[in-house]
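Have a look at the structure below before the remarks.
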Amino acid sequence: MSKITRADIMTYIIKIQVNFENAYRVEAGTETNLLTESWFDILSNYPKEICDVAVNNALAQAKYAPRIGDIVEQIKILNSVNKKSIEELWAELKSIKYEAYNASLYLRYPQHYEDAHKKLEQIYEDLDEDLKLYLVNVSALIEFANIDEESLPFEKNRFFKNMPILRKYTEDKILAQEFLKLSNYSDIKLLGSKK
């Protein structure tokens, strides 16, 4: 997926202007640059392909000229469609448990340690990003792989309890990063900052 550019932002704005006669009628120069930069700051966190679809979806549903919030809302809808459910994530985690367990057994032997560790790192890297939030690192993957069958239902309960919290944390972190990025471009004075 490619990164969005300022030229893409201008294309979106022009596309909206063509469809809605009074949309974003700003004077060339400072106002156009400010509009482009504000949109770029918000949309630069998302891949271009998703932004393209989100703008088209916002246009298709709009009775009035879509604002940046309408486009971000469409992006969130598109991203939620691609997210796996917590049940699917649990199934994926269980499916790699025995492969990770078998690889972890070879960590005991010095002649196989490096290959086994590489295999475990590869298993970890291939996991969904949400599962990486839950497992944190290869050591946690090894620990999960060594859970016995009697303890697995307790781990499942912990997983189902924590995954929504971890997902919310990730969303909040992204929003906080966007806010801090925007605050650097404006006159917002944050508590404890020396601006």
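Out of region 16-36, which residues are assigned to a helix (DSSP H, G or I), surrounded by 15 or more Cβ atoms within 10 Å (Cβ to Cβ) and either touching a helix residue (DSSP H, G or I) at 6+ places or on another chain (Cβ under 9 Å) or acidic (Asp, Glu) (or both)? Before the answer, list the steps.
Just the residues of region 16-36 that are assigned to a helix (DSSP H, G or I), to begin with: 16-19, 30-36.
After this cut, where a residue has to be surrounded by 15 or more Cβ atoms within 10 Å (Cβ to Cβ) as well, the list is 16-17, 35-36.
Across region 16-36, the qualifying residues are 16, 35, 36.
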- Message: Against the definition (open to solvent by 50 Å² or more (accessible area, probe 1.4 Å) and modelled with pLDDT under 90), how does residue 56 come out, yes or no?
- Response: no
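If you go through region 115-131 one residue at a time, how many are under 13 Å from residue 95 (Cα atoms) and of a type outside the set (Ser, Thr, Tyr)?
Initial filter on region 115-131 (under 13 Å from residue 95 (Cα atoms)): 123-124, 126-128, 131.
Now narrow it down to the ones that are of a type outside the set (Ser, Thr, Tyr): 123, 126-128, 131.
Here the count works out to 5.
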- Which residues, taken from region 1-15, are touching a residue at least 40 places away in the same chain (Cβ under 8 Å) and open to solvent by less than 40 Å² (accessible area, probe 1.4 Å)? 4, 8, 12
- Conditions: (1) of a type in the set (S, T, N, Q); (2) under 26 Å from residue 171 (Cβ atoms); (3) more than 26 Å from the chain's Cα centre (by Cα). Residue 32 meets all but one. Number of the miss? (2)
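Okay, residues lined up against (1) out of contact with any helix residue (DSSP H, G or I) (no Cβ under 6 Å at 6 or more places or on another chain); (2) modelled with pLDDT of 85 or more; (3) under 23 Å from residue 170 (Cβ atoms); (4) in a helix (DSSP H, G or I):
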residue: 1; (1), (2), (3), (4): no, no, yes, no
residue: 42; (1), (2), (3), (4): no, yes, yes, yes
residue: 64; (1), (2), (3), (4): yes, yes, no, no
residue: 71; (1), (2), (3), (4): no, yes, yes, yes
residue: 79; (1), (2), (3), (4): yes, no, yes, yes
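Residue under question is residue 147, and the condition is that it be open to solvent by less than 50 Å² (accessible area, probe 1.4 Å), at pLDDT 85 or above and outside any helix (DSSP H, G or I); does it hold?
Working: open to solvent by less than 50 Å² (accessible area, probe 1.4 Å): yes; at pLDDT 85 or above: yes; outside any helix (DSSP H, G or I): yes.
Yes, satisfied.
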- Message: Which numbered condition in (1) in contact with a Ser or Thr (Cβ under 6 Å, 6 or more places away or on another chain); (2) open to solvent by 70 Å² or more (accessible area, probe 1.4 Å) is the only one that residue 84 fails?
- Response: (1)
- List every residue pair whose Cβ atoms lie under 9 Å apart, where the two residues are 6 or more positions apart in sequence or sit on different chains, the first residue falls within region 155-179 and is modelled with pLDDT of 85 or more, and the second residue, located anywhere, is in a helix (DSSP H, G or I) and surrounded by fewer than 11 Cβ atoms within 10 Å (Cβ to Cβ). 160/87
- Query: Which pairs have Cβ atoms under 6 Å, sit 6 or more apart or on different chains, and link a residue in region 60-76 that is surrounded by 19 or more Cβ atoms within 10 Å (Cβ to Cβ) to one that is of a type in the set (S, T, N, Q)?
  - Reply: 74/57
- Matching option when the condition is at pLDDT below 90 and more than 28 Å from residue 177 (Cα to Cα), among 37, 49, 21, 99: 21
- Message: It is to be established whether one or more residues within region 97-118 are open to solvent by less than 70 Å² (accessible area, probe 1.4 Å) and under 22 Å from the mean Cα position of the chain (by Cα).
- Response: no
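The values are calculated or read from the model by the stated rules, or taken from the named source; none is laboratory data. On a predicted model such as this, the values are computed, not experimentally measured, just so you know. Ideal geometry is used to build each Cβ from the backbone, glycine not excepted, and the neighbour counts take in all protein chains shown. In case anyone asks, the SASA skips ligands and DNA or RNA and just uses the protein heavy atoms, side chains included. Shrake-Rupley method; radii C 1.70, N 1.55, O 1.52, S 1.80 Å.
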